[in-house]
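Data first, discussion second: the structure below is written as structure tokens.
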Amino acid sequence: MSSTTVAETTLPSISIAGIDVCRLIIGGNPFSGFSHQSSARSQEMRDWYTDERIVDTLLEAEGLGVTTCLARCDDHIRRVTAKYWAAGGRMNWIAQTESQEDSVVSARRAADHGAAACYMHGGVVDNHILNGSEERVSDFAAAVRELGLPVGIAGHLPQDFVWAEENLELDFYMVCYYDPSPRTKSPHHDEKAAETYLESDRDVRVATILQLSKPVIHYKIFAAGRNDPEQSFAYAAAQMRAGDAVCIGVFTKDDPQMLSTDVALFSKYLTP
């Protein structure tokens, strides 16, 4: 069991289909070694984030008032979340489907392993919308409803959410601030591909968020480590509606105080 203790601190929260979700969510990309920078950087994250370090990081986040984590539903994360809960952790887990797995199958695994909500992987959503297979997104949403979980979608393209608003009844959206790499041919993240992070893309996605009827979790606000954290929090906090939240990843090898610094910056700029 981790030696990290959970303190009684509080951060503001929102409700997603009756689930209490902290407005600052800890994301799982660094835990799974998705740096969105380089293959070497991704491997560095995988080497650093042992199961024990991930559990310690989650417990530290909880001690700082974070009540929700967001991570993919694969064997690795299911194993780690089980260890985290066994160590006394109490965070809700919002599960992301695996891009390499059928989304409905992935959602069922998430439900079986204690997920509080589930959403379709953003690259998969992009791919379906770009290739005219939107019915696969509809089928996923219906399946998650049958499982009794709040359901959402992620995406990197404004048209994902325009279509969803017109055709689905979801509980939340995950809107990426950027469109780093094309997903027309494949929904999967290509670790070797160069990624693009444009301020103009961010502006378009924020404008899209303002038109959406459901809570939005803003993500990749740091442009995968390319943006200054304080400026990123200031920008995101200014765009977030009262029912929105933000998801961030942390890499504690770079800075052991990264979590506490991020919580302080978020609290500094978020209007209650």
Unmet requirement for residue 211, which otherwise passes all of (1) in contact with a Lys or Arg (Cβ under 9 Å, 6 or more places away or on another chain); (2) within 25 Å of residue 19 (Cβ to Cβ): (1)
Pair list, Cβ under 8 Å, 6 or more apart: region 46-75 residue within 13 Å of residue 33 (Cβ to Cβ) and in contact (Cβ under 8 Å) with a residue 40 or more places away in the chain, other residue surrounded by fewer than 23 Cβ atoms within 10 Å (Cβ to Cβ) and polar (S, T, N, Q): 48/252; 53/252; 71/32; 72/32; 74/32
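Got a sec? Which of 162, 137, 206 is within 22 Å of residue 16 (Cβ to Cβ), surrounded by fewer than 17 Cβ atoms within 10 Å (Cβ to Cβ) and hydrophobic (A, V, I, L, M, F, W, C)? Outline the logic, then answer.
Working: 137 fails: surrounded by fewer than 17 Cβ atoms within 10 Å (Cβ to Cβ); 206 fails: surrounded by fewer than 17 Cβ atoms within 10 Å (Cβ to Cβ).
From the options 162, 137, 206, the qualifying one is 162.
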Residues located in region 175-230, provided they are modelled with pLDDT of 95 or more, of a type in the set (Gly, Ala, Ser) and within 24 Å of residue 258 (Cβ to Cβ): 223
Matching option when the condition is touching a residue at least 60 places away in the same chain (Cβ under 8 Å) and farther than 20 Å from residue 121 by Cα, among 90, 41: 90
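Could you look through region 29-58, keep only residues that are of a type in the set (A, V, I, L, M) and in contact with a helix residue (DSSP H, G or I) (Cβ under 7 Å, 6 or more places away or on another chain), and pick out the one that is nearest to residue 195 (Cα to Cα)?
Among residues in region 29-58 that are of a type in the set (A, V, I, L, M) and in contact with a helix residue (DSSP H, G or I) (Cβ under 7 Å, 6 or more places away or on another chain), the one nearest to residue 195 (Cα to Cα) is 45.
How many residues does region 98-112 hold that are at pLDDT 95 or above and either surrounded by 16 or more Cβ atoms within 10 Å (Cβ to Cβ) or assigned to a strand (DSSP E or B) (or both)?
Of all residues in region 98-112, those at pLDDT 95 or above come to 103-112.
Imposing the further condition that a residue be either surrounded by 16 or more Cβ atoms within 10 Å (Cβ to Cβ) or assigned to a strand (DSSP E or B) (or both) reduces the set to 103-104, 106-111.
Counting residues in region 98-112 that are at pLDDT 95 or above and either surrounded by 16 or more Cβ atoms within 10 Å (Cβ to Cβ) or assigned to a strand (DSSP E or B) (or both) gives 8.
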Among the candidates 122, 148, residue that is within 26 Å of residue 213 (Cβ to Cβ), modelled with pLDDT of 95 or more and surrounded by 18 or more Cβ atoms within 10 Å (Cβ to Cβ): 122
Elements of type helices (runs of 4 or more DSSP H) in region 119-191, at least 2 residues being without any contact (Cβ under 8 Å) to a residue 12 or more places away in the chain: 135-147
For residue 235: the one exception among (1) at pLDDT 95 or above; (2) within 25 Å of residue 33 (Cα to Cα): (2)
Segments classed as helices (runs of 4 or more DSSP H), wholly inside region 8-81, with at least 1 members that are within 21 Å of residue 244 (Cβ to Cβ): 29-32, 51-63
Failed item in (1) among the small types (Gly, Ala, Ser); (2) closer than 23 Å to residue 24 by Cα; (3) assigned to a loop (DSSP other than H, G, I, E, B), with residue 95 passing the rest: (3)
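Take the residues in region 32-51 that are of a type in the set (Ser, Thr, Tyr), more than 15 Å from residue 225 (Cα to Cα) and over 17 Å from the mean Cα position of the chain (by Cα); name whichever of them is surrounded by the fewest Cβ atoms within 10 Å (Cβ to Cβ).
50
Okay, residues lined up against (1) crowded, with 20+ Cβ neighbours inside 10 Å; (2) touching a residue at least 60 places away in the same chain (Cβ under 8 Å); (3) over 30 Å from residue 170 (Cα atoms); (4) of a type in the set (A, V, I, L, M):
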{"residue": "217", "(1), (2), (3), (4)": "yes, yes, no, yes"}
{"residue": "233", "(1), (2), (3), (4)": "yes, no, no, no"}
{"residue": "236", "(1), (2), (3), (4)": "yes, no, no, yes"}
{"residue": "241", "(1), (2), (3), (4)": "no, no, no, no"}
{"residue": "245", "(1), (2), (3), (4)": "yes, yes, no, yes"}
{"residue": "248", "(1), (2), (3), (4)": "yes, yes, no, yes"}
{"residue": "261", "(1), (2), (3), (4)": "no, no, yes, no"}
{"residue": "267", "(1), (2), (3), (4)": "no, yes, no, no"}
Hey, residue 110 under 27 Å from residue 67 (Cβ atoms) and not charged (D, E, K, R) or not: yes
Total residues in region 171-190, condition among the acidic types (Asp, Glu) and either buried (at least 21 other Cβ atoms within 10 Å of the Cβ) or within 21 Å of residue 240 (Cα to Cα) (or both): 2
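The values are calculated or read from the model by the stated rules, or taken from the named source; none is laboratory data. Please read all numbers here as calculations on a predicted model, not as lab measurements. With ideal geometry, Cβ positions are generated from the backbone for all residues, glycine too; neighbour counts draw on all protein chains shown.
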